[in-house]
1. Is one or more of the residues making up segment 449-456 among the acidic types (Asp, Glu) and under 18 Å from Thr98 (Cα atoms)?
2. Pull up segment 403-434, narrow it to residues that are of a type in the set (Lys, Arg) and away from the ligand (no atom under 16 Å from the Cβ), then point me to the one that is farthest from Met386 (Cα to Cα).
3. When residues of segment 477-490 are filtered for being near the ligand (Cβ under 9 Å from one of its atoms) and either modelled with pLDDT of 95 or more or of a type in the set (Val, Ile, Thr) (or both), how many remain?
4. Could you tell me which numbered condition Leu373 fails, if it satisfies all but one of (1) at pLDDT 95 or above; (2) more than 16 Å from the ligand (Cβ to nearest atom)?
5. In the list Asp304, Asp323, which residue meets the criterion of being at negative phi, in a helix (DSSP H, G or I) and exposed (fewer than 15 other Cβ atoms within 10 Å of the Cβ)?
6. Which of the residues that make up segment 157-174 are under 22 Å from the mean Cα position of the chain (by Cα) and surrounded by fewer than 22 Cβ atoms within 10 Å (Cβ to Cβ)?
7. Just checking, which of Lys277, Lys255, Lys267 is without any contact (Cβ under 8 Å) to a residue 12 or more places away in the chain and either closer than 30 Å to Arg511 by Cβ or polar (S, T, N, Q) (or both)?
8. As an exercise: evaluate Val437 against (1) away from the ligand (no atom under 11 Å from the Cβ); (2) touching a Pro at 6+ places or on another chain (Cβ under 6 Å) and give the number of the one condition it does not meet.
Amino acid sequence: MSNNDEKPRDASPEEDVLGDTSVLVSREVPAGVDRRGFLIRSAVGGAAAVLTGCSVSDADRTAKAVATTPAQAPAASAPPLSADLNVVKKGQGPVLTTVDEFYKVGPGPSSSHTIGPMRITYDFYQRAAKLPADTLAKATKLQVNLFGSLSATGKGHGTERAALAGLIGKEPATVDPLFLDSLRDKPDQVFPVKLGNKSIDVSLKDVIYDATKGDFKHPNTMTVKLLAGNDVLLEQEYYSVGGGFIEWKGYEPPKKNAPKYPFRLMKELRGHADTNKTTIAKIMMANETSISGKSEAEVNAFLDKIANAMIATVKSGLSMSEDDVLPGPIKLHSKAATVYKRAMDDKFQSDRGIGVLSAFALAASEENGRGHLVITAPTGGSAGVMPALVYALSEVRKVPREKIREGLLAAAGVGYLCKHHATLSAAEGGCQAEIGVASSMAAALTATAYDAPSQVVENAAESALEHHLGMTCDPVAGYVQVPCIERCAFGAVKAWTAYAIASNEIASRHRVDFYATVAALAETAKDMNSKYKETSEAGLAQSVTLC
Ligand code: SF4
């Protein structure tokens with residue numbers, strides 16, 4: 001644990017635009033006040049209470065409280081889950097995801113509807129290019145068919161443009177968003193795709209919005225075919241399973257090295273940290289290097305790239321004109337710059353804190369709505385949440401980069417566990433799986449950046465996720481704008497609130513463990529009416545009238 005004197009929050013709270021609420025937040029549980037009362041007092045400061053500027057660190061306060069509080073009986077464990085539940089099947093074996101698979105840079109507005117489909121068609125393009133020359137000589141056409149949610153809301157997400165871009169050999173991390181804009185502005189453009197000696201012309205007409213309902217293996221299903229007239233030379237069925245991750249029929253996960261500290265549950269991850277007297281972030285780093293074979297320096301370089309890209313999206317969003325209107329039929333005015341400017345004029349520092357944090361999230365999320373490059377953390381729709389916290393901690397609080405890297409690692413651990421046991425896909429689980437997971441990750445990031453003990457990191461992540469359970473996905477007109485953009489701001493503020501509560505409550509008394517909430521996420525996802533899973537058939541998508 002670092003020296004508390006190094007903590008940015010201890011310095012110059014008066015100058016901190018994110019607010020000084022130290023007078024509002026209890027340092028200790030007052031005598032005669034019950035836990036609920038204490039939590040309410042802690043929560044009064046809300047999101048702004050996070051950056052208290054108090055002279056005693058959260059780590060010290062929590063450690064002291066834990067040490068002086070009688071041990072509590074452990075919480076009753078969650079009821080056993082049936083072996084045939086998806087949550088159980090998916091959760092077997094240790095987590096093997098790595099940061100470069102998880103944090104992906106790509107064009108908005110949706111990791112499952114833009115980055116995933118672009119990766120899919122790019123994958124097919126590479127497979128087709130390897131076919132024998134005599135097979136390729138017969139080819140006449142490439143065709144993409146979109147099904148399920150990809151078909152229902154793909155138009156609003158620009159799925160056909162992303163699919164076409166992948167087919168002509170463009171990758172999400174390096175595609176110029178202006179190229180995708182040009183496909184929108186000039187939809188009749190035709191592009192030659194070179195496959196061996198053969199050249200096949202493709203256009204948006206080759207991407208077909210097919211059946212929205214059917215017996216699909218995943219709600220985000222698509223097929224890609226190479227045809228010779230009516231004959232199929234190569235066909236592959238793919239699934240965009242959330243967060244830009246893709247699978248295909250017969251998919252086998254790649255073989256990976258064993259993690260140094262295997263875990264499939266948060267309590268195991270935390271157990272490794274506590275047993276080894278280290279942090280969740282350090283355990284995550286050890287696993288990253290053992291699974292991927294990369295050095296710590298390489299992992300850190302990647303994390304810096306992600307942190308810089310997150311900061312860039314916030315800056316870019318804040319720099320947009322206050323009169324900017326986002327693409328699509330909603331004609332939604334950008335508001336990040338206006339909210340930021342006006343929040344900075346707020347009389348109370350706490351109001352300023354909530355306002356500017358919201359503005360940071362709005363800025364990155366509006367960039368996503370524009371189809372500009374964003375970072376999946378864990379998805380495009382939720383791409384405003386983590387950048388808001390990274391920007392606030394890094395650019396406003398001046399938290400050292402090393403702590404931001406550690407925060408990104410801990411946040412990734414939270415995201416991996418949600419993916420492992422539940423889902424990151426709104427088409428599978430509604431918005432709780434996107435903004436909920438993003439908020440949970442951001443709470444872990446914040447706690448880690450402030451050197452909170454591992455139990456506080458878990459509690460903060462749990463709390464943020466818990467208070468998104470049941471949240472549905474109902475984007476108006478199929479565009480990732482309403483409610484998505486403001487929802488990112490709420491996800492960021494809730495992350496901060498979760499950290500505020502977790503770092504001020506008595507950590508050992510936190511009643512709900514992280515796995516219980518992830519299991520609830522998975523079960524709620526299973527039970528949620530499919531109308532609320534990225535189909536735009538219900539909720540706000542139905543009640544909001546566009547003129
Ligand atoms: S409502 Fe939530 S899950 Fe649905 S598109 Fe918007 S941000 Fe994504």
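1. Quick first cut of segment 449-456, residues among the acidic types (Asp, Glu) only: 451.
After this cut, where a residue has to be under 18 Å from Thr98 (Cα atoms) as well, the list is none.
Within segment 449-456, none of the residues are among the acidic types (Asp, Glu) and under 18 Å from Thr98 (Cα atoms).
2. Step one: of segment 403-434, the residues of a type in the set (Lys, Arg) are 403, 405, 419.
Next, only the ones that are away from the ligand (no atom under 16 Å from the Cβ) stay: 403, 405.
On the way: Lys403: 14, Arg405: 13 Å.
Taking the candidates together, the pick is Lys403.
3. In the first step, residues of segment 477-490 are kept if they are near the ligand (Cβ under 9 Å from one of its atoms); the result is 478-485, 487-488.
Retained after the next criterion (residues that are either modelled with pLDDT of 95 or more or of a type in the set (Val, Ile, Thr) (or both)): 480-485, 487-488.
Summing the residues that are near the ligand (Cβ under 9 Å from one of its atoms) and either modelled with pLDDT of 95 or more or of a type in the set (Val, Ile, Thr) (or both) in segment 477-490 gives 8.
4. Every condition holds for Leu373 apart from (1).
5. From the options Asp304, Asp323, the qualifying one is Asp304.
6. As a first pass, look at segment 157-174 and keep what is under 22 Å from the mean Cα position of the chain (by Cα): 157-159, 162-163, 171-174.
Result: Glu171, Ala173, Thr174.
7. Working: Lys255 fails: either closer than 30 Å to Arg511 by Cβ or polar (S, T, N, Q) (or both); Lys267 fails: without any contact (Cβ under 8 Å) to a residue 12 or more places away in the chain.
Exactly one of Lys277, Lys255, Lys267 is without any contact (Cβ under 8 Å) to a residue 12 or more places away in the chain and either closer than 30 Å to Arg511 by Cβ or polar (S, T, N, Q) (or both), namely Lys277.
8. Every condition holds for Val437 apart from (1).
The values are calculated or read from the model by the stated rules, or taken from the named source; none is laboratory data. The structure displayed is predicted, hence computed values, not measured ones. Every residue, glycine among them, receives a Cβ derived from its backbone with ideal geometry; neighbour counts consider all protein chains shown.
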